[in-house]
1. Do we find that Leu11 is modelled with pLDDT of 90 or more, of a type outside the set (D, E, K, R) and under 27 Å from Ala164 (Cα atoms) in this structure?
2. Exactly one of (1) charged (D, E, K, R); (2) surrounded by fewer than 18 Cβ atoms within 10 Å (Cβ to Cβ); (3) under 18 Å from Ala83 (Cα atoms) is unmet by Lys47. Its number?
3. Regarding Val13, is this residue closer than 13 Å to Val139 by Cβ and assigned to a helix (DSSP H, G or I)?
4. Check every one of the helices (runs of 4 or more DSSP H) wholly within region 23-67 and list those with 3 or more residues that are of a type in the set (Ser, Thr, Tyr), under 23 Å from the mean Cα position of the chain (by Cα) and under 17 Å from Trp88 (Cβ atoms).
5. Please verify whether Phe155 is more than 18 Å from Ile96 (Cα to Cα), out of contact with any strand residue (DSSP E or B) (no Cβ under 8 Å at 6 or more places or on another chain) and not in a loop (DSSP other than H, G, I, E, B), treating the condition exactly as stated.
Amino acid sequence: MVVPLTVALSLIVAVLLNQKIKGKSIYRVIYFLPMVAAPAAVAMVWKWLFNSEFGLINYLLSLVGIQGPQWVSDPNFALIAIAIVGIWSAIGYNMILLLAGLQEIPKDYYEAASIDGAGPIRQFFTVTLPLVSPTLYFVVVTSIISAMQVFDTIFMMIDKTSVALENTQSLVYLFYQHSFTVNDKGYGSAIIMLLLAIIMIITFIQSKVEKKWVHY
């Protein structure tokens, strides 16, 4: 869920910021700021925003008559909260990569497509997507691997005694828990080997998909 949304939003933002708009340099800096901040600090800020009693998000929801949920303690919403933080944190980095790929596309292709009668939407699917596909492929691969290795956001946002912890544990978090909390190094090593195997399988599948969908 996180990876498709992150990649799609990053591409949309990159396309918008590649247009001739006022202050686009400022917008680029704003979107990239999450990558500069320490992940632990980001998680703590979001934990405050998600606070069910005095958090900003629930306060804004209350202004429109909506009772906000317990974001980080309710098992039904904790994973959504983690996903929101993950998407927000990754958009800036992915946007910069995709923006660099978009700026490498010659303007002549868009002019030729416009002469042939292609509108903005058709140009996006027939010109932009094929030519930015190498960068998009890299973004997808790195996003999947990063999503599987998430740890600090879960560790900082979800309380160790919370009932929501069971629904938000990643493989890396399980490795930490069994290796350093339970002190079962063998089980922890098995988890890491499983994670390695999953990443290798996903990478192999993506390498096969690359030959069909990526245009160099």
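The values are calculated or read from the model by the stated rules, or taken from the named source; none is laboratory data. Note that the structure is predicted; figures quoted are calculated from it, not measured. Note that we place each Cβ from the backbone using ideal geometry, even for glycine, and neighbour counts take in every protein chain shown.
1. On the way: modelled with pLDDT of 90 or more: yes; of a type outside the set (D, E, K, R): yes; under 27 Å from Ala164 (Cα atoms): no.
Criteria not met by Leu11.
2. (2)
3. It is true that Val13 is closer than 13 Å to Val139 by Cβ and assigned to a helix (DSSP H, G or I).
4. none
5. Judged against the criteria, Phe155 is a match.
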